[in-house]
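Report on the following structure.
Bear in mind that the values in this text are calculations on the coordinates, not laboratory data. Please read these numbers as outputs of a predicted model, since none were measured by experiment. Cβ sites come from the backbone with ideal geometry, for glycine too, and all protein chains shown count toward neighbours.
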Amino acid sequence: MVKKREEKKKIYKNKIIEAANEIFLKNGYKNTTIEQISKKAGVGIGTTYLYFKSKSELYRVTIEDKLNIKYAQKFFDVIDYNEKPSIEISKISFNIMNVFFQLDKNILKDYVYSFITSNIDDQDLMYSTFLNFDDNIKIGYKIVLERYAQKGKFKSSFDIILCSDIIFNIILNSFFKYIFLNNADIDKISKEINEHIVYILNPYEK
């Protein structure tokens, strides 16, 4: 009985998230209401609020779902430590950016605008999404660079924390370039990421 109840809850929650994805994409954050999402999901408004306490929380969940933010560190689990650091870090960075490349640019743009213009409570929820993503990616880069250093792949003057922060900022800048530049060239952005990472790491590689 308990198992069936939990399965039913999961079905309702997934239906609400799927409906929210569709409505947010169609209307944007500001023009979307919980009523619209509930109607699309085929559930009552009270049911939606049972799973999500606000529109901003539901929006955050849909973005997390799209960006795989909770699983961001999975990109760092396939490192070949026999390869040069600059080659493997470039691969990781491309895979991270590829998550964004596969999404509708308008969703990402709307999310950033909504974050800037929302009230304080909404900003706290939305900021937590970026914060989680930031932390996972930064930690991932730091761990990988530390392991390379332990294997003697870098010179002693190599600053792990500084370089991991710089590489993360390269990804962040590429993200904003992708969503805000009209006709952004994905191949060009990917090439620039690779060139920047090689430029940063190459002088310290043994």
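Taking K and R as +1 and D and E as -1, what net charge do the other residues with C-beta under 13 Å from the C-beta of N31 add up to?
Residues near N31 contribute +1 overall.
Please report, in debye to the nearest 20, how large the charge dipole of region 154-201 is about its Cα centre when each Lys and Arg carries +1 at its beta carbon and each Asp and Glu carries -1 there.
So the dipole magnitude of region 154-201 works out to roughly 20 debye.
Would you kindly state how much longer the chain becomes between D185 and I139 on full extension, computed as 0.36 nm times their sequence separation minus their alpha carbon distance, in nm to one decimal?
13.7 nm
For the cross-link pairs K9/K40; K109/K142; K30/K53; K26/K109, which exceed 19 Å when the distance is taken from alpha carbon to alpha carbon?
Details: K9/K40 17 Å; K109/K142 28 Å; K30/K53 17 Å; K26/K109 13 Å.
Cα-Cα > 19 Å for K109/K142; rest within.
Taking the simple approach of a point 7 Å from Cα along Cα-to-Cβ for both N98 and K39, what is their distance in nm?
Placing both labels 7 Å along Cα→Cβ, they lie 4.0 nm apart.
Just order 44-50, 183-189 by mean Cβ neighbour count inside 10 Å, highest at the front, would you?
44-50, 183-189
Could you give the length gained by full extension between I11 and S156, i.e. 0.36 nm per residue of separation minus their alpha carbon distance, to one decimal place?
Residue separation times 0.36 nm, minus the Cα-Cα distance, leaves 46.8 nm.
Using a 10 Å cut-off on Cβ atoms, rank the peptides 147-158, 195-206, 18-29 from the highest mean neighbour count down.
On the way: 147-158: 14.2, 195-206: 15.8, 18-29: 18.2.
Sorting 147-158, 195-206, 18-29 by mean packing, highest first, produces 18-29, 195-206, 147-158.
What ranking, highest mean first, results for peptides 89-97, 168-176 when packing means the other Cβ atoms within 10 Å averaged over each residue?
89-97, 168-176
Can you check what the net charge comes to around N82, using other residues whose Cβ is under 14 Å from the Cβ of N82 (Lys, Arg +1; Asp, Glu -1)?
Net local charge, N82 excluded: +2.
What number comes out for the charge environment of I160, summing +1 per Lys or Arg and -1 per Asp or Glu over other residues with Cβ under 9 Å away? Don't skip to the answer; put the middle values down first.
Details: positive: K142; negative: E146, D159.
Taking every other residue near I160 into account, the sum is -1.
Can you list the HN-Hα couplings for region 160-172, worked out from phi with the Karplus curve (6.51, -1.76, 1.60; θ = phi - 60°), rounded to whole Hz and with x for Gly and Pro?
Per-residue couplings from phi come out as 5, 5, 4, 5, 5, 5, 5, 5, 4, 5, 4, 5, 4 Hz.
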